[in-house]
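Q: Please see the structure below; I have some questions.
What follows draws every value from the coordinates through simple rules; no lab data is involved. Small disclaimer: the values here were computed from a predicted structure and weren't measured. Please note: Cβ atoms are built from the backbone with ideal geometry, for glycine as well, and neighbour counts cover all protein chains shown.
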Amino acid sequence: MTLVLALIAVAALICVILFLGHQLQRLRVALALSDARLDRALQDMRAASAELESFSYTVAHDLRAPLRAIDGFSRALIEDFGGELEPEAARLLGTVRRNSMRMGALMDDLLGFSRLLRQPLHKSRIEPAAIVRRVIEEGAGMAQGRDIAFAIGALPPCEADPALATRVFAELIGNAVKFTAKAPGARIEIGSREQDGRTVYVVADNGTGFDMAFAGKLFGVFQRLHRAEDFDGNGVGLAIAQRIVHRHGGEIWTEAAPDQGAIFSFTLEGRAP
Amino acid sequence: MNPVEIMLVEDNPDDVELTVRALRKSNFTNPIRVLRDGAEALDYLFGTGTDGKPNMSAAPVVLLLDLKLPKVNGAEVLQKVKNDPRTRTIPVVVLTSSREERDLHETYKLGANSYIVKPVDFEQFNRAVNQIGMYWLLINQQPAG
């Protein structure tokens, strides 16, 4: 009886082993297939990245030359024939020059942006408190003697690329400084809170804010929620901040209302799995 | 005295005109020789004169070099100039539109003396050209050839 049971058990075991072997073989085949797919995807990605690089190079070099010519020859015209130009003609030439310079600035921003996406991440332990102090000191010029009350709360250290994390704080604080320009008693608060086991850094201002209906556009490249004559800028700063945050696996979001200020919150780490 | 003092290697005629104009506006009256591609530049520097010897008397005081050139590109010209003992001491100022880090690294590795990104803004461009002229034509001292 026990012998029969033992035989059945052995037979069952053999069946299981055979089955597992078969499954293993299938898995191996699937793995090899997905390996090949992964290889192909990696190749595609490398090709796309190389293409992007050569595209940026073209933008950098080939598009700047004609722009320089437009600005240079307009300027030459003003220099050589300025005396003979009607005031209106001089004004029109000035507009040509202003726009060529603006396009130059846009191209530089676009290039800076694409370079940022290619730049490798070098993470280390960073001290956001020191970063924020430095950003405010260095940015004193942009505040142009304005009376802004900065309130810096607790900013715990974290793991991030120091240069890129600095850029995020600089963009958000610069943004807050810019959009409080018309607010009496400008106040900018930089702090943090713990949420779902992550540190959320916060930059809040009491500036001009914006309508949350347009929040989706806020982080797009060259997207602006304000008219150029109200607030200058190229609409790249927040796009850069978002890409940096995403490259760290983090998230960035905002809450605002018109004339009620804006609060930007971000994390530099992914959610715990 | 050297007949050619400023050698400008640039394929874009508009950039040539603007650069020459900027130099003249800054009161640099030094003779300028414009070469329109890398091959022409190399031929000018290393080509053989009537006596069959390399035409080294043509060596300029300063070489302004664009990077992106037809036929032979700027980096190759730079490499040849810096690898030849006869031309090694010529200061090479890379004058380019490219802000790319790898161009900057590569050209400095090849021995460029200076790397200037041509600004779109013509006033900045004028200032840059003026400073190049001031430094390389007036301030900088070179060993006697």
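Q: Residues with amide H under 5 Å of A:C158's amide H, sequence separation 5 or more or different chain, H placed in the peptide plane at 1.01 Å from N; which?
A: A:I126
Q: For peptide A:65-78, compute the average count of partner chain beta-carbon atoms within 10 Å of each residue's beta-carbon. Working shown, then result.
A: On the way: counts 11, 4, 3, 11, 8, 3, 8, 14, 5, 1, 7, 6, 0, 1.
The shielding value for this peptide is 6.
Q: So what's the angle, to the nearest 10 degrees on a 0 to 90 scale, between helix A:237-247 and the longest Cα principal axis of chain A?
A: Around 20 degrees separate the two axes.
Q: Further question: Within a 10 angstrom radius of each residue's Cβ in B:13-19, how many Cβ atoms of other chains show up on average? Whole number is fine.
A: Whole-number average of other-chain Cβ neighbours for B:13-19 is 4.
Q: Taking neighbour Cβ counts within 10 Å as the exposure measure, how do A:M107, A:M45, B:M134, B:M7 sort from fewest upward?
A: Fewest-to-most ranking of A:M107, A:M45, B:M134, B:M7: A:M45, B:M134, A:M107, B:M7.
Q: So for B:S97, A:S49, A:S192, fewest C-beta neighbours within 10 Å to most, what's the order?
A: Ranked by crowding around the Cβ, least crowded first: A:S49, A:S192, B:S97.
Q: Picking from A:G139, A:V177, A:A151, whose Cα lies most toward the positive end of the charge dipole for region A:135-182 (charges on Cβ: Lys, Arg +1; Asp, Glu -1)?
A: Farthest along the dipole direction, towards plus: A:V177.
Q: Additional query: Let me have the 222 nm mean residue ellipticity of the protein assembly as shown computed from DSSP H runs of 4+ only, each contributing -39500 (n - 2.57), with the sum over all residues rounded to the nearest 500.
A: Using -39500 (n - 2.57) per qualifying helix, the result is -16500 deg cm²/dmol.
Q: Taking chain A as the reference, fit the longest principal axis to its C-alpha atoms, fit the long axis of helix A:162-179 to the helix C-alpha atoms, and give the angle between the two in degrees, 0 to 90, nearest 10.
A: Taking Cα atoms only, the helix is inclined about 50 degrees.
Q: Please state the charge dipole magnitude for chain B, taken about the Cα centre, from unit charges on C-beta atoms (+1 on K and R, -1 on D and E), reported in debye and rounded to the nearest 20.
A: With Lys and Arg at +1 and Asp and Glu at -1, about 380 debye.
Q: Relative to the longest principal Cα axis of chain A, at what angle does helix A:128-138 sit, 0 to 90 degrees, rounded to 10?
A: Here the helix axis deviates by roughly 20 degrees.
Q: Once you sort the root eigenvalues of the Cα gyration tensor of region A:63-118 as a ≥ b ≥ c, which label holds: rounded (a/c under 1.5), prolate (a/b larger than b/c) or oblate (the other case)?
A: Prolate, since a/c reaches 1.5 and a/b exceeds b/c.
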